[in-house]
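Values quoted throughout were computed directly from the atomic coordinates according to the rules given, and no laboratory measurement underlies them. In this text the structure is predicted, and so the values were computed from the model without any measurement. For neighbour counting, all protein chains shown are included, and Cβ atoms are generated from backbone atoms with ideal geometry for every residue, glycine included.
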């Protein structure tokens, strides 16, 4: 990782999400810019049959912080997420769903929690259903909507 690497890499699998992509990018930008944190967005298209791939190419052409990649064959959410994680350059990886099931507005709470529990961060953490930060000791990779340290 070099000195110009972003603080956060958002890793997002995508399958037929054309109706959600604009709101997703808008929400990520709003939260990260309010926090004044550097970021990149990696969205892996799992061979969508709608216009998701075309939209992703437009986003990546207009904003260097957005990188889109496409799997060679439909392989499922886990494969798309793993492909994004392998391509990520940020200090931390935050996984999100393209349908905003895990919303970027939760990011400030996750970041604050990571500063309170720095030794737990490499293991991972997530947000439970009551909106409280919940550490997941022993997890190799954080649950969707979680954060994983790359340090």
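What's the extension gain from residue 37 to residue 86 if we count 0.36 nm per residue and subtract their Cα-Cα distance? Don't skip to the answer; put the middle values down first.
Numbers: separation 49, 0.36 × 49 = 17.64 nm, distance 2.13 nm.
Gain on extension, residue 37 to residue 86, equals 15.5 nm.
Along the Cα-to-Cβ line of residue 75, 7 Å from the Cα, sits a label point; which residues in region 10-51 have backbone N less than 16 Å from it?
Only 12-15, 43-48 fall inside the zone, counting backbone N under 16 Å.
Going by how many other beta carbons lie within 10 Å of each one, how would you line up 48, 9, fewest first? If you can, show how the numbers build up before the last one.
On the way: 48 19, 9 24.
Fewest to most other Cβ atoms nearby, the residues stand as 48, 9.
Which FRET efficiency value, to the nearest 0.05, do you get for residue 64 and residue 23 by plugging their Cβ-Cβ distance into 1/(1 + (r/R0)^6) with R0 = 30 Å? The partial results should precede the final answer.
Details: r = 21 Å, r/R0 = 0.70.
The computed FRET efficiency comes out at 0.90.
Could you line up 67, 36, 112 from fewest to most neighbouring Cβ atoms inside 10 Å?
36, 112, 67
Which of the three applies to region 1-116, rounded, prolate or oblate, going by the alpha-carbon gyration tensor with a ≥ b ≥ c and a/c under 1.5 meaning rounded? Show your work: numbers first, answer last.
Details: a/c = 1.65, a/b = 1.52, b/c = 1.09.
Judged from the Cα gyration tensor, region 1-116 comes out prolate (a/c at least 1.5, a/b above b/c).
Under 1.5 on a/c is rounded, so check that first for region 33-96, then, if it is not, pick prolate when a/b is larger than b/c and oblate when it is not; a ≥ b ≥ c are the square roots of the alpha carbon gyration tensor eigenvalues. Present the calculation step by step, with values, prior to reporting the outcome.
Working: a/c = 2.43, a/b = 1.38, b/c = 1.76.
Because a/c hits 1.5 or more and a/b fails to exceed b/c, region 33-96 counts as oblate.
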